[in-house]
1. For Lys82, enumerate residues with amide H under 5 Å from its amide H, sequence gap 5+ or separate chain, H modeled in the peptide plane.
2. Where does the stretch 112-204 land on the Kirkwood hydrodynamic radius, alpha-carbon pairs, in angstrom?
3. So what is the diffusion coefficient of the stretch 61-215 in µm² per second by Stokes-Einstein at 10 °C and 1.306 mPa s, using a Kirkwood Rh over Cα pairs?
4. State, as an integer percentage, the relative contact order of the stretch 36-107 based on alpha-carbon contacts under 8 Å between residues 6 or more apart.
5. Hey, fewest Cβ within 10 Å first, where do Arg204, Arg111 land in order?
6. Fewest to most neighbouring Cβ within 10 Å: what's the order for Val56, Val65?
7. Please enumerate, by chain and number, the aspartates and glutamates with C-alpha under 12 Å from the C-alpha of Lys91, excluding those fewer than 8 residues away in the same chain.
8. Please identify every one of the GluC sites (Glu not before Pro) in the stretch 85-162 that sits in a loop by DSSP and has no more than 11 other beta carbons within 10 Å of its own beta carbon.
Amino acid sequence: MNRFFKYYYTTIFVLCLSIFCAKCQTKSAANDPELVQLSGFIVSFDSMQVLPYVTVRIEGTNRGVFSDMSGFFSLVCKQSDKIVFSTLGQKKLFYTLPNNIEGNKLTTLIRMEEDTFFLRDVVIRPYSTTQELDYYFAKIKIPNSNLSLAYENLGRVSFQNLQKGILADGVENGRWYQQTQAEKLYYNGQAQPIPIADIGSWYRFLNSLGNKKKK
């Protein structure tokens, strides 16, 4: 019973301390004259259509947010910061906060221009029959320089070097995080087993080596 009350009062104390710290941080941010709560909607320049999932980032930092499905965003920044808006199909926009801001909140409308790409014309002419296609495909000659370049690009060493320089994307990072959290929850409240001390694992490992030698 005493143990229950101990955990109960400890939990209450931690919750009260967290609420007190959050209120102190909110109050200090509200009183800081350099901080501004920048909010608004992001639309296209011509059609005034809302633009969802636009990256709103403070230039020179990794801090930022995304606009929601209705094009709304909200970000805490300093008056001296420059805000960068970027998304696929629209020109990157740099926004500077005005000097005459009343209070610490600013609501604005961001209009982004469409980024147009002009591609070169491509003319595709099919062969009249499949036999003609097979004939010209068999007669085609690939230059040795291009063939050697293809073998070099498709080599195992080239792929390994390319793999070392590629960072994990959002899907891979999310999958890795979920896997680590699942492992922690699976062994929650107990000691995680050490594979090197597992007799069954050593037995299966030695059997696999014996089977390879027989083959």
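A short reminder: the numbers here are calculations on the coordinates, not readings from a lab. Please read all numbers here as calculations on a predicted model, not as lab measurements. Because the Cβ atoms are built from the backbone with ideal geometry, glycine has one as well, and the counts that use them run over all protein chains shown.
1. Result for Lys82 returns Glu59.
2. Result for the stretch 112-204 stands at 21.2 Å.
3. 64
4. Over the stretch 36-107, the number comes to 34 percent.
5. The fewest-first ordering by Cβ neighbours comes to Arg204, Arg111.
6. The order, fewest Cβ neighbours first, is Val65, Val56.
7. Glu113, Glu114, Asp115
8. Here the sparse-neighbourhood loop sites are Glu102.
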